[in-house]
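Peer 1: Following this message is one structure expressed as structure tokens.
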Amino acid sequence: MTEHAVLHQAAALCLGYPDDTFHERLPLLRAAAPPSLGEFLTYATNTDPRELAAHYVQVFDFKNRHSLYLSWWRDGDTRRRGMALVRFKEVYRAHGLEFTGEELPDFLPAVLEFSALAGPELLLEHRSGLELLRLALREHGTPYAGVLEAVCASLPGPSPKDRAEALALARSGPPREEVGLQPFAPAAPSALIGEH
């Protein structure tokens with residue numbers, strides 16, 4: 001497994017809900033994760049599990065501005081987002097993976113797991129959203145910002161174009177519904193990535 005694959009897998013675990021399984025894996029994460037995740041892992045280790053869970057909910061569950069769903073950053077809550085979710089599933093299938101479970105296929109922890117297995121294709125396609133999330137988390141002052149900073153730093157080269165797009169999108173917000181879009185069937189329920 002490459003260094004970036006290890007980072008992406010560890011970041012996926014860090015960005016998931018900090019349940020009992022997360023806390024059981026925390027010593028292994030601390031031992032295996034790259035130093036760029038050290039600050040967050042120290043925070044997670046030293047924070048009471050109930051407080052960590054409450055912080056996670058406060059950061060990620062009440063504000064779209066901290067959305068862990070990558071297609072939201074580009075398409076907002078519009079019908080176009082359905083097609084974006086189909087695209088995620090198609091990419092997973094093209095790599096012999098099927099998405100099943102409770103979350104949508106654009107859920108960042110799932111995309112990071114996919115990246116650890118198959119490469120950063122989807123992360124690169126949604127780099128501006130990642131940068132927006134990183135900026136929003138840094139502004140919020142949460143230790144989760146360090147996880148996003150490590151992920152963004154692992155992607156190829158500093159990309160001023162992506163950062164500029166991220167800042168422009170941050171100023172204008174996600175797209176709003178457009179009148180006249182052709183309706184389409186919603187994406188099927190999804191879950192965790194697993195091999196066929």
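Peer 1: At a Förster distance of 35 Å, what's the computed FRET efficiency of GLU24 paired with ARG79, Cβ-Cβ distance as r, to 0.05?
Peer 2: Details: r = 40 Å, r/R0 = 1.15.
With a Förster radius of 35 Å, E is 0.30.
Peer 1: Can you give the accessible area per residue of segment 35-107, in Å², using a 1.4 Å probe? Let's see the in-between values first.
Peer 2: Numbers: 3760 Å² over 73 residues.
I get 51 Å² per residue for this part.
Peer 1: Determine the gain in length on full extension of the stretch VAL57-GLU39; use 0.36 nm per residue of separation and subtract their C-alpha separation, reporting nm with one decimal. Walk me through the intermediate numbers first.
Peer 2: On the way: separation 18, 0.36 × 18 = 6.48 nm, distance 1.97 nm.
That pair, VAL57 and GLU39, stretches by 4.5 nm at full extension.
Peer 1: In Å and from the alpha-carbon atoms only, list the Rg and Dmax of segment 77-118.
Peer 2: When restricted to Cα atoms, segment 77-118 yields Rg and Dmax of 10.2, 30 Å.
Peer 1: Please sort 4-11, 60-67, 72-79 by packing, taking for each peptide the average over its residues of neighbouring beta carbons within 10 angstrom, highest first. Please report the intermediate quantities before stating the final value.
Peer 2: On the way: 4-11: 21.5, 60-67: 15.4, 72-79: 18.6.
In descending order of packing, they fall as 4-11, 72-79, 60-67.
Peer 1: Related question: Of all the accessible heavy-atom surface of segment 1-80, with the other protein chains kept in place and a 1.4 Å probe, what percent is carbon and sulfur? Present the calculation step by step, with values, prior to reporting the outcome.
Peer 2: Working: 2290 of 4340 Å².
The C+S portion of the solvent-accessible surface of segment 1-80 is 53 percent.
Peer 1: Continuing with this model, one more query. Provide, for q = 0.13, 0.20, 0.23 Å⁻¹, the log10 of I(q)/I(0) from a solvent-free Debye sum over equal Cα point scatterers in segment 39-159.
Peer 2: Those come out to -0.54, -1.22, -1.44, one per q.
Peer 1: With label points built 7 Å along Cα→Cβ from the Cα atoms of GLU3 and ASP48, find their separation and express it in nm.
Peer 2: My value for the distance between the label points is 3.9 nm.
The values are calculated or read from the model by the stated rules, or taken from the named source; none is laboratory data. No experiment lies behind these values; they were computed from the predicted model shown. Positions of Cβ are generated from backbone atoms using ideal geometry, with glycine treated the same way; all protein chains shown enter the neighbour counts. Areas reflect the complete protein model, heavy atoms only, side chains present, ligands, DNA and RNA absent. Shrake-Rupley method; radii C 1.70, N 1.55, O 1.52, S 1.80 Å.
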